[in-house]
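Please read the structure below before turning to the comments.
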Amino acid sequence: MTKDEKGERIPLTIADSDAQAGTVTIVFMEVGKTTRELGLLQTGDSIMSLTGPLGLPTHIENYGTVVCVAGGFAVAPVMPIARAMKQAGNKVISILGARNKELIFWEEELRSVSDKLIVTTDDGTYGRKGLVTEPLKEILESGEKIGLVVAIGPSIMMKFCAKTTQPFGVKTIVSLNPVMVDGTGMCGCCRVVVGGQTKFACVDGPDFDAHQVDWDLLATRQRTYLEEEKQAMENWQCQCGKHS
Amino acid sequence: MPRQEAAARAKNFKEVALGYTPAMAAEEAGRCIQCPKRPCVAGCPVNIDIPEFIKAVRDGKMAEAVTVLKKTNALPGICGRVCPQESQCEAQCTLLKQKAPVAIGRLERYVADWERENKAAMPPGAPLPPPTGKKVAVIGSGPSGLTVAAELAKKGHGVSIFEALHVGGGVLMYGIPEFRLPKEIVQNEINFVKSLGAELVLDAVIGKCDTIDELLAGGYDAVFLGTGAGLPMFLNIPGENANGIYSANEWLTRTNLMKAYLFPNYDTPLKVGKKVAVIGGGNVAMDAARCALRLGAAEVYIVYRRSEAELPARKEEVENAMEEGIIFKFLTNPTKFLDDGKGWVTGMECIQMELGEPDASGRRRPIAKAGSEFVMNIDTAVVALGTTPNPLIAATTIGLKTTGHGTVVADETTGKTVKDKVWAGGDIVTGAATVISAMGAGKRAAADIDKYLMGKQ
């Protein structure tokens, strides 16, 4: 989506949709200028451009038991996946983790589509204290047969979920979030390396086999514009200060 | 043609060519001897009535010149700037052997610019015929799509142009830089096409939002595929995914479409280092290199594996690039990218080439000279090797025939594909080529689509 004529094109995940009402629901974390600007919009406001659905849809199948791991705001993209997996006949165990109590949301929504829900916070202010990888490891160690793990969240969280499941040989899917521009496969900005091959996350993904992803490359490419992001944010805050 | 002086223009995105004055235009138009053979017309991919519009300019009848031009060419402001006239109309000019061909391209540009600045002086266009009730879906708002839309709208057919991006124009907007083709001109041409009755639907990614079959089932009588060749080719050498290495598409899209040259006023950034290497020798490589200069790079290189004689870019653009200070490294081929250990590119290992026998393209084949490896210190690289069609349409359309290169198979004369009610033209059929050849294909396809819609086939 692009907010206005001067805005940047950014990829966000569709969390839910209502074809009858003609709506899509998108949840986003305010991390920089664009997302903060979006956060200031009121009901009835409009944005310049929105297109989708882009990328390949998540593959839904009856795997038996699926563990869905949502890191922070990523409960938004995880929710429809958990729901679809449940509808396909899977037993769904969900793990929802955030840094603290304030960042936990859609807990009941996720619980309603899961057979079991475990909530964690890094600081212990809500649910179980710890990282999502801890209950994930316990589930795998318990001997229960897990057909698939889906992990979505910050890159570092997805990387450690992959490391956690790898020794158990459980298929793990992650949703990669490199920097993107057009989102339709024309520029290659979103190049990731999976299984030694270069892929465009916007058209070949965003879902990929977690054990094949070059996580270090993803992390460095995501840092390409850190300086510019900071500058844009500072400029914007300065501007806001003038107008308030 | 007066141009901005090289040192100054290498620092701004304003148009390089300054255009003729009325006196210059009249003088140049007067050089045309209005020869009876008119070989220039056949040399033009859209067969503009060249002697007619030139005569009108010579006689000061500007509105008439515009009318003649627009009869066959819906996008004259664009052609006058980016057509390789030197290998088309001007190459056929009777005066070529004598002094110099008539500067047909410059005159076309002059006429188009006059029209844009003197809209009030133009008589109202010919009234459109009554609506035929037929509906055509044009996929892509680049040069071929806009041409098809204009031609069909002029015949009274309902036309919807579906554009994936948030702005129309295709390569005209995202690819060709502001200093070669001002975006205001592109928008003006798009507005003209819309004024003929064509509808432009933005943010419509056909193949994702709707498929071709869904469009046909939903009431469109015919579909034209003008989605171009937007998939970038990479070198596929080690280190190519390091930070600071871009496809030309990304480089140009950030710069031209998203206006990264105006960051932070515009939100999309582009990281331009001090030493930029652009790999490739076509018009896109020239564009990317000249953008790099304007974006503040201290040294910009064109790295090309053949020699100057084989460069596919327009001579005019190569000249402009050289004048602006871009350094050309011929007979050089990258083999590997080097990085700083933190993921940023710091160098490019290259090997020197020599030319052997001609290959399939007819150009002499570059062969690596053993033992001639060397390292170029760079902090930014732009890979401008060419593009192929985005596979999305072919992958989501049943019954379309494609080649190994990803191009769609279509009849050369009519643009008709093997799929019922589907035509195609431009880069999606030919692979990356020119704006004007896409327009020519658009005209031919529109004529065939019109015949089909009116039951005349």
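With a cut-off of at least 1 residues that are more than 25 Å from B:Gly158 (Cα to Cα) and out of contact with any Leu (no Cβ under 8 Å at 6 or more places or on another chain), name the helices (runs of 4 or more DSSP H) lying wholly within the stretch B:370-457.
Values: elements: B:392-396, B:427-430, B:435-453.
Qualifying helices (runs of 4 or more DSSP H): B:392-396, B:427-430.
Take B:Ile161 and decide whether it is part of a helix (DSSP H, G or I), β-branched (Val, Ile, Thr) and more than 14 Å from chain A (Cβ to nearest Cβ). Outline the logic, then answer.
Details: part of a helix (DSSP H, G or I): no; β-branched (Val, Ile, Thr): yes; more than 14 Å from chain A (Cβ to nearest Cβ): yes.
No: the conditions fail for B:Ile161.
Kindly indicate whether any position in the stretch A:74-88 is away from chain B (no Cβ under 14 Å), crowded, with 18+ Cβ neighbours inside 10 Å and of a type in the set (D, E, K, R).
Checked against the condition, which is being away from chain B (no Cβ under 14 Å), crowded, with 18+ Cβ neighbours inside 10 Å and of a type in the set (D, E, K, R), the stretch A:74-88 yields at least one hit.
Please enumerate the residues belonging to the stretch B:216-235 that are more than 8 Å from chain A (Cβ to nearest Cβ) and within 20 Å of B:Met348 (Cα to Cα).
We begin by selecting, within the stretch B:216-235, every residue more than 8 Å from chain A (Cβ to nearest Cβ); these are B:216-229, B:233, B:235.
Across the stretch B:216-235, the qualifying residues are B:Met233, B:Leu235.
Within the stretch B:131-153, is there a residue that is in a helix (DSSP H, G or I), among the small types (Gly, Ala, Ser) and more than 20 Å from the chain's Cα centre (by Cα)?
Step one: filter the stretch B:131-153 for residues in a helix (DSSP H, G or I), giving B:143-153.
This time we only want the ones that are among the small types (Gly, Ala, Ser), so: B:144-145, B:149-150, B:153.
Restricting the remaining residues to those that are more than 20 Å from the chain's Cα centre (by Cα) gives B:153.
Taking every residue of the stretch B:131-153 in turn, at least one turns out to be in a helix (DSSP H, G or I), among the small types (Gly, Ala, Ser) and more than 20 Å from the chain's Cα centre (by Cα).
State yes or no: is A:Val181 aliphatic (A, V, I, L, M), in a helix (DSSP H, G or I), within 14 Å of another protein chain (Cβ to nearest Cβ) and closer than 30 Å to B:Val167 by Cα?
Numbers: aliphatic (A, V, I, L, M): yes; in a helix (DSSP H, G or I): no; within 14 Å of another protein chain (Cβ to nearest Cβ): yes; closer than 30 Å to B:Val167 by Cα: yes.
No: the conditions fail for A:Val181.
Name the helices (runs of 4 or more DSSP H) wholly inside the stretch B:171-251 in which the number of residues that are under 27 Å from B:Ala288 (Cβ atoms) is 3 or more. Walk me through it before giving the result.
Numbers: elements: B:171-174, B:183-195, B:212-217.
Ranges flagged: B:171-174, B:183-195.
Scan the stretch B:251-266 residue by residue and report those that are touching a helix residue (DSSP H, G or I) at 6+ places or on another chain (Cβ under 6 Å) and facing chain A (nearest Cβ under 7 Å).
B:Thr253, B:Arg254, B:Pro264
Within the stretch B:280-307, track down each residue that is within 14 Å of chain A (Cβ to nearest Cβ) and either buried (at least 24 other Cβ atoms within 10 Å of the Cβ) or touching a Pro at 6+ places or on another chain (Cβ under 6 Å) (or both). Break it down stepwise before answering.
If we filter the stretch B:280-307 for residues that are within 14 Å of chain A (Cβ to nearest Cβ), which is where we start, we get B:284, B:288, B:295-296.
Those that are within 14 Å of chain A (Cβ to nearest Cβ) and either buried (at least 24 other Cβ atoms within 10 Å of the Cβ) or touching a Pro at 6+ places or on another chain (Cβ under 6 Å) (or both): B:Val284, B:Ala288.
Mind listing just one residue for me: the one in the stretch A:175-189 that is in contact (Cβ under 8 Å) with a residue 60 or more places away in the chain and under 20 Å from B:Asp267 (Cα atoms) and, of those, nearest to the chain's Cα centre (by Cα)? Even if it seems obvious, please write down each step before you answer.
First, the residues of the stretch A:175-189 that are in contact (Cβ under 8 Å) with a residue 60 or more places away in the chain: A:175, A:177, A:180-184.
Imposing the further condition that a residue be under 20 Å from B:Asp267 (Cα atoms) reduces the set to A:177, A:180-184.
Details: A:Asn177: 7, A:Met180: 14, A:Val181: 18, A:Asp182: 19, A:Gly183: 16, A:Thr184: 19 Å.
Checking each candidate, the answer is A:Asn177.
Could you list, in sequence order, all residues of the stretch B:361-399 that are more than 13 Å from chain A (Cβ to nearest Cβ), over 30 Å from B:Glu349 (Cβ atoms) and touching a residue at least 60 places away in the same chain (Cβ under 8 Å)?
Within the stretch B:361-399, B:Thr397, B:Ile398 meet the criteria.
Give the residues of the stretch A:191-206 that are away from every other protein chain (no Cβ under 11 Å) and in a strand (DSSP E or B), sorted by residue number.
If the condition is that a residue be away from every other protein chain (no Cβ under 11 Å) and in a strand (DSSP E or B), then A:Val194 is the only one that fits.
Mind counting the residues in the stretch B:308-358 that are within 14 Å of chain A (Cβ to nearest Cβ) and touching a residue at least 12 places away in the same chain (Cβ under 8 Å)?
6
Looking at the stretch B:66-118, what helices (runs of 4 or more DSSP H) fall wholly within it and have at least 1 residues that are over 21 Å from B:Val171 (Cα atoms)?
Values: elements: B:76-82, B:89-92, B:104-117.
Helices (runs of 4 or more DSSP H) meeting the threshold: B:89-92, B:104-117.
Each value in this text was obtained by applying a stated rule to the coordinates, not by laboratory testing. As the structure is a prediction and not an experimental result, all values here were calculated from the model. Note that we place each Cβ from the backbone using ideal geometry, even for glycine, and neighbour counts take in every protein chain shown.
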